[in-house]
Number of protein chains: 2
Amino acid sequence: MQYSARKVCVTSNKLPGTDRRMDPTSFETHPSRYHHWKLAVDGDIARLTMAVDDAHPHKPGYELKLNSYDLSVDIELADAIQRLRFEHPEVKCVVFGADLDRVFCSGANIYMLGLSTHSFKVNFCKFTNETRLYLEDAAEHSGLASLAACKGTTAGGGYELALACNETMLVDDGNSAVSFPETPLLAVLPGTGGLTRLVDKRKVRRDRADVFCTTAEGIKGKRAKDWGLVDHLVSRTKWDASVTDAAKALAAKQTVVRGPAFALPALDAKITSKSGERPTRSIAEGDAEVSDKLTYKYVELAFDHALRTAALTVRGPDAAEDPDAVAKTGTQPWALRAFRELDDALLRLRFDYPEINIVAVRTAGNPDHVKACDKALFDSQSGFAREVRLLQRRVLKRFDNTARSLYAVADNADSCFTGVLLELALGADRFYMLIDKDEKIGVETSVANTGFFTTSSGLSRLESRFYGEPGKVQKVLARGVEGPIPSEEAEQLGLATIAADDIDFEDELRIAIEERASLSPDALTGMEASLRFVGPETLETKIFGRLSAWQNWIFTRANSTGAHGALTLYGKPERPQFQWKRT
Amino acid sequence: MQYSARKVCVTSNKLPGTDRRMDPTSFETHPSRYHHWKLAVDGDIARLTMAVDDAHPHKPGYELKLNSYDLSVDIELADAIQRLRFEHPEVKCVVFGADLDRVFCSGANIYMLGLSTHSFKVNFCKFTNETRLYLEDAAEHSGLASLAACKGTTAGGGYELALACNETMLVDDGNSAVSFPETPLLAVLPGTGGLTRLVDKRKVRRDRADVFCTTAEGIKGKRAKDWGLVDHLVSRTKWDASVTDAAKALAAKQTVVRGPAFALPALDAKITSKSGERPTRSIAEGDAEVSDKLTYKYVELAFDHALRTAALTVRGPDAAEDPDAVAKTGTQPWALRAFRELDDALLRLRFDYPEINIVAVRTAGNPDHVKACDKALFDSQSGFAREVRLLQRRVLKRFDNTARSLYAVADNADSCFTGVLLELALGADRFYMLIDKDEKIGVETSVANTGFFTTSSGLSRLESRFYGEPGKVQKVLARGVEGPIPSEEAEQLGLATIAADDIDFEDELRIAIEERASLSPDALTGMEASLRFVGPETLETKIFGRLSAWQNWIFTRANSTGAHGALTLYGKPERPQFQWKRT
């Protein structure tokens, strides 16, 4: 099978992240519409060939030369990995290659980075980091291994992609090197997990990693293999056979039962805008023409630009579904569709609505239906059900890693913080619950809360909430099997941050949201990144905590992004001028 | 015993960190010269009373009102903790109090922060973080517990100090609160470990921590205790007795045998300057009148401002010393003196020489003497010897946490990377070794390399170097007991990054240092922070990695430090204006 058709890309005349008045970012695509990758499946091996179309950047203003990438390229990559998981259960190994002669991938496009706002750069890096973690997640949990077949220059983000694969093969042609030129050439970090993966995942000796990361031309041949930078070193003549052999060997090791296949349909997000209406107060950047609501089947995200707040609602399933049975009919079960919709909404929020400081998260629906869906999903032995569970887990992590204040709110009799939806309340920064007289409002637990939905730290959200107090986790789960937990009891059990009756609730919540929206977005991002991830650290938390935080700092520094900074001046005749103070 | 005499402080007319042309920072003091603390020892209880003299800031330009602190206050605190460890082995609990009626400590002085350079702010936070970690280190390893007796407002860094104590007592007077007002009032983080200690050390529920960190007025009374923010809540009438009881109870739990006492003498650093001479090339900030060399008995740090490099040399002991026997004569043994000198040199480097990008680290001396000192120090069961070992460990961590590129160099027959001094080579970013024909140059291991000298991650430096390959650690240690390991073999064992003979060595090293000095200081700081700390994360690495990196980023953002930022405008009539983009 070979996807190849291309459709003309509609672009605006705006640079990425330079203006809120831009077209909405679409995170949906399909192999038939890829501009930058070719996906071919042959038996249990898939080939994802990077063939970046330099004339189709995410936004005009730069060319994607030498298989460099931007957000569009990475959106297609994320789509390809997702489709391999759901649509191609026969595939056991995906081979990353390139259709250029001497270049595998030259990394993130530097002109694009130089032209982007700080906020865009940070969110772009976060998205690419998540995509690379998903590749590792597929290898670890879905029996879908990956091989980076680097037949040429493998630089920066290109090498970071290779590091996220199970194995990396480099051509031994006396010329092709792997490299991290970011620090010496651009005065920034290899920010897509590279530094962490070098020393923590591949266990490259840290003094060698230091040499490697400051050697712009990179390291090739025997030294690259001796230092553990690549797994295989192969001549050009033996290349094709060696790639196939290595891919087959990786495929042969996979024992996870997958399938049946399920074709992921389009999400059909509706973006509605109250044209003619204007926010009552000026938002920081003027009266930009922005959309007011994203509507999906189960998810809605509505914005109040004047208050810099958003309201996210996730609706539960319409019935007690068996996801396998529903999928067999070609329909997306709720467990898949609702979380794909949530994922899409979170990404649009991050990229297209940077001025939204806080999101109130509500749920609606029938708790019994959620519990039934959770039970069926967790009882199922099918590969499809496992993929849905893993997707839900990834989306919940995307929620945790979204740099907006998140307040879960249960203030309606229709509220449905049950099972997998309860995870949203546990992942939020706070959980407000209304105490209603007839105790219709409450939370319910299910099998979904018992440990599978780990955060980046490896703890479940209940374990994170009651860090160091496992007895409290057990108490909640034991109580949960007895039935609904009304608001007041939820507060006593430590599930609600604040529970109040209807005399106080509305005012308290309104003031809390307005206060939060008035605080500095930067300080909140740093605070939330520190409080949300208690306990053990993992490769993942190191990437999002340590590495990304340093990169964010570096992106603000004049030495990289100032008028005379190395990133700004890349490709220009002027040499960068540095401020020499170490901090 | 009560120290009280004060000496007039000599100050310059410069603000902290605003200019390189400033007086050298002295990290040495003595209780008889304290301006801001009163140290009193009574039996096994010491009282460290914060009595900040608002007229004696570190540099003029602000007043230290309401027991707020600056670098001077923290230098005295660090000195007091160090002296309690060495000079007062009878003390088993130190009580932190204040001599103000309604204020314990109002945190870092905000005007000082507002007036300081970014580089100074970051180094100030790092030093205060280290001091608070030393307090925890004393409690964990030296049998010196601590109690924060907060009889009044305990805000920001004041509460962070309390969090570093074993126990915290808050007065229940209907008014006194603990608080972190940094995020709501200043648009920055509580950056001295507070966020991490709240959720990871004290295990405050993360949603409650979120409420606490955004409530400027803080939390008092029963709620503070219920939420785990403080350990004891005591009325004013019962205050004195309760503090004494709690201190005695903490003291009674201490079982570590300490002593004998050793009075820490002054270090007598000499700062020499080649007056009249000028750098051959302009350094970034002009021809500032700066010192050229710090000279101690065993340590020398010489600067080449034109090249932005420094040469650090640590000399080994003059004889095989028994540290207990030497200390009995009132003389500092090498093991103590050399590391106190190194500590002082590292701090001066951080604060007074920000333009130095890379330090070449050399050792000199007789390896047999180092091995003998290491053996005697580790064989000793005395409390004094344990304190010396712990001090060496802290100084080596200060070395790891110093944001400068560190290249260890063994290029002289007198080189002495042996035992505890070998840790400097293992902690450095790279280790260059000259291969000499008669193999005089090499490294030697001792008991000091077998695990006691852990980095912040909890791994030894050999374990960090060979992360995930314990066999290589064992191989080095097994080979080490057989005798000196010459350069070429050290490279084969993975100890040297680069070993070269005298045809190549000098040029290779010179070029490597010049290249490093030419790279962006910011990118190098982020890169080194990512590569140096492989493996597990701890409270300590979370503070220096995650929390500090976010704070550094926030310190560069307009919302805190811009012309209309909250930190800049604190105490002024204007309200801060924020940029609302979340990143």
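Restricting attention to the range A:160-198, the residues being buried (at least 24 other Cβ atoms within 10 Å of the Cβ), touching a Cys at 6+ places or on another chain (Cβ under 8 Å), more than 14 Å from chain B (Cβ to nearest Cβ) and not in a strand (DSSP E or B) number 2.
Quickly run through the range B:298-356 and pick out the residues that are among the aromatic types (Phe, Trp, Tyr) and either farther than 24 Å from B:GLU514 by Cβ or surrounded by fewer than 21 Cβ atoms within 10 Å (Cβ to Cβ) (or both).
Of all residues in the range B:298-356, those among the aromatic types (Phe, Trp, Tyr) come to B:298, B:303, B:334, B:339, B:351, B:353.
B:TYR298, B:TRP334, B:PHE339, B:PHE351, listed by residue number.
A:ARG33 versus (1) crowded, with 17+ Cβ neighbours inside 10 Å; (2) at pLDDT 95 or above: which is the lone unmet condition? Result: A:ARG33 passes all but (1).
Would you confirm, using the coordinates I've provided, whether A:GLU506 is over 30 Å from B:GLU515 (Cβ atoms), surrounded by fewer than 24 Cβ atoms within 10 Å (Cβ to Cβ) and of a type in the set (Asp, Glu)? For A:GLU506, the condition - over 30 Å from B:GLU515 (Cβ atoms), surrounded by fewer than 24 Cβ atoms within 10 Å (Cβ to Cβ) and of a type in the set (Asp, Glu) - is met. Screening the candidates B:PHE453, B:PHE466 for the property of being closer than 30 Å to B:LEU133 by Cα, at pLDDT 95 or above and within 12 Å of chain A (Cβ to nearest Cβ) yields one hit, B:PHE466. For the residues B:PHE96, B:PHE104, the requirement of being surrounded by 23 or more Cβ atoms within 10 Å (Cβ to Cβ), assigned to a strand (DSSP E or B), touching a Lys or Arg at 6+ places or on another chain (Cβ under 7 Å) and modelled with pLDDT of 95 or more singles out B:PHE104.
Among the criteria (1) open to solvent by 40 Å² or more (accessible area, probe 1.4 Å); (2) among the hydrophobic types (A, V, I, L, M, F, W, C); (3) touching a residue at least 24 places away in the same chain (Cβ under 8 Å), the one A:ILE511 does not fulfil is (3). Checking each residue in the range B:451-474 for being in contact (Cβ under 8 Å) with a residue 40 or more places away in the chain, under 22 Å from B:GLN392 (Cβ atoms) and assigned to a loop (DSSP other than H, G, I, E, B) picks out B:PHE452, B:PHE453, B:THR455, B:SER456, B:SER457, B:GLY458, B:LEU459.
Report whether or not B:ALA266 is open to solvent by 10 Å² or more (accessible area, probe 1.4 Å), among the small types (Gly, Ala, Ser), within 30 Å of B:LYS121 (Cβ to Cβ) and more than 14 Å from chain A (Cβ to nearest Cβ). Walk me through it before giving the result.
On the way: open to solvent by 10 Å² or more (accessible area, probe 1.4 Å): yes; among the small types (Gly, Ala, Ser): yes; within 30 Å of B:LYS121 (Cβ to Cβ): yes; more than 14 Å from chain A (Cβ to nearest Cβ): yes.
So B:ALA266 passes the test.
Every listed requirement among (1) open to solvent by 20 Å² or more (accessible area, probe 1.4 Å); (2) more than 27 Å from A:THR538 (Cα to Cα) is met by A:GLY458 save one, (2). A Cβ distance below 8 Å, combined with a sequence gap of six or more or placement on separate chains, defines the contacts here; from the range A:485-499, residues that are within 11 Å of another protein chain (Cβ to nearest Cβ) reach residues that are among the charged types (D, E, K, R) and open to solvent by less than 10 Å² (accessible area, probe 1.4 Å) in the pairs A:GLY494/A:ARG465; A:LEU495/A:ARG465; A:THR497/B:ASP207; A:THR497/B:ASP210.
Criterion first (out of contact with any Cys (no Cβ under 6 Å at 6 or more places or on another chain) and over 30 Å from A:PRO260 (Cα atoms)) does A:GLY143 satisfy it? Spell out the reasoning first.
Working: out of contact with any Cys (no Cβ under 6 Å at 6 or more places or on another chain): yes; over 30 Å from A:PRO260 (Cα atoms): no.
Criteria not met by A:GLY143.
Determine if the range A:500-511 includes at least one residue that is among the aromatic types (Phe, Trp, Tyr) and facing chain B (nearest Cβ under 7 Å). No.
Filter the range A:199-213 for residues that are open to solvent by 10 Å² or more (accessible area, probe 1.4 Å) and part of a helix (DSSP H, G or I); which is farthest from the other protein chains (Cβ to nearest Cβ)? Walk me through how you get there before you give the answer.
Of the residues in the range A:199-213, the ones open to solvent by 10 Å² or more (accessible area, probe 1.4 Å) are A:200-203, A:205-206, A:208, A:211.
Pick out the ones that are also part of a helix (DSSP H, G or I) and you get A:200-201, A:206, A:208, A:211.
Details: A:ASP200: 6, A:LYS201: 9, A:ARG206: 5, A:ARG208: 7, A:VAL211: 7 Å.
Filtering the range A:199-213 for residues that are open to solvent by 10 Å² or more (accessible area, probe 1.4 Å) and part of a helix (DSSP H, G or I), the one farthest from the other protein chains (Cβ to nearest Cβ) comes out as A:LYS201.
Residues in the range A:150-159 that are away from every other protein chain (no Cβ under 14 Å) and either of a type in the set (Val, Ile, Thr) or part of a loop (DSSP other than H, G, I, E, B) (or both): A:LYS151, A:GLY152, A:THR153, A:THR154. Restricting attention to the range B:389-414 and to residues that are among the small types (Gly, Ala, Ser) and open to solvent by less than 10 Å² (accessible area, probe 1.4 Å), the residue that is farthest from the other protein chains (Cβ to nearest Cβ) turns out to be B:ALA410. In the range B:229-263, how many are open to solvent by 20 Å² or more (accessible area, probe 1.4 Å) and part of a loop (DSSP other than H, G, I, E, B)? Summing the residues that are open to solvent by 20 Å² or more (accessible area, probe 1.4 Å) and part of a loop (DSSP other than H, G, I, E, B) in the range B:229-263 gives 13.
Quick check: anything in the range B:141-149 more than 10 Å from every other protein chain (Cβ to nearest Cβ), out of contact with any His (no Cβ under 7 Å at 6 or more places or on another chain), open to solvent by 10 Å² or more (accessible area, probe 1.4 Å) and more than 25 Å from B:SER242 (Cβ to Cβ)? Checking the range B:141-149: at least one residue is more than 10 Å from every other protein chain (Cβ to nearest Cβ), out of contact with any His (no Cβ under 7 Å at 6 or more places or on another chain), open to solvent by 10 Å² or more (accessible area, probe 1.4 Å) and more than 25 Å from B:SER242 (Cβ to Cβ).
Looking at the structure I just gave you, is B:THR192 closer than 25 Å to B:ARG47 by Cβ and β-branched (Val, Ile, Thr)? Spell out the reasoning first.
Numbers: closer than 25 Å to B:ARG47 by Cβ: yes; β-branched (Val, Ile, Thr): yes.
Here the answer is yes, as B:THR192 does meet what is asked.
Take the residues in the range A:563-583 that are without any contact (Cβ under 8 Å) to a residue 12 or more places away in the chain and farther than 29 Å from B:ARG348 by Cα, then tell me which one is nearest to the other protein chains (Cβ to nearest Cβ). Among those residues, the one meeting the criterion is A:ARG575. Scanning the range A:214-227 for residues that are within 14 Å of chain B (Cβ to nearest Cβ) and either more than 18 Å from A:PRO190 (Cα to Cα) or among the hydroxyl-bearing types (Ser, Thr, Tyr) (or both) returns A:THR214, A:THR215, A:ARG223, A:ASP226, A:TRP227.
Of all positions in the range A:538-550, at least one carries a residue that is at the interface with chain B (Cβ under 7 Å from one of its Cβ atoms), closer than 23 Å to B:ILE543 by Cα, open to solvent by 10 Å² or more (accessible area, probe 1.4 Å) and in contact with a Gly (Cβ under 6 Å, 6 or more places away or on another chain). Sub-6 Å Cβ pairs linking a first residue in the range A:291-308 that is more than 26 Å from A:GLN332 (Cβ to Cβ) to a second residue that is assigned to a strand (DSSP E or B) and not hydrophobic (A, V, I, L, M, F, W, C), at least 6 apart or interchain, number zero.
Can you say whether B:ARG532 is over 30 Å from B:ASP137 (Cβ atoms) and either in contact (Cβ under 8 Å) with a residue 60 or more places away in the chain or within 9 Å of chain A (Cβ to nearest Cβ) (or both), as far as the supplied structure shows? In short, no. Hey, can you tell me all the residues within the range A:187-211 that are touching a residue at least 24 places away in the same chain (Cβ under 8 Å) and either in contact with a strand residue (DSSP E or B) (Cβ under 6 Å, 6 or more places away or on another chain) or at positive phi (or both)? Answer for the range A:187-211, where residues must be touching a residue at least 24 places away in the same chain (Cβ under 8 Å) and either in contact with a strand residue (DSSP E or B) (Cβ under 6 Å, 6 or more places away or on another chain) or at positive phi (or both): A:ALA187, A:GLY193, A:LYS203. For the range A:46-72, a tally of residues being under 16 Å from A:ALA148 (Cα atoms) and either without any contact (Cβ under 8 Å) to a residue 24 or more places away in the chain or open to solvent by 20 Å² or more (accessible area, probe 1.4 Å) (or both) returns 2. For the range B:108-137, which residues satisfy the criterion of being of a type in the set (Gly, Ala, Ser) and surrounded by 24 or more Cβ atoms within 10 Å (Cβ to Cβ)? Scanning the range B:108-137 gives B:ALA108, B:SER116.
The values are calculated or read from the model by the stated rules, or taken from the named source; none is laboratory data. Just so it is clear, the structure is predicted and the values come from calculations on it, not from any experiment. Please note: Cβ atoms are built from the backbone with ideal geometry, for glycine as well, and neighbour counts cover all protein chains shown. We work out accessible area using only protein heavy atoms, side chains counted, and drop any ligands, DNA or RNA first. Shrake-Rupley method; radii C 1.70, N 1.55, O 1.52, S 1.80 Å.
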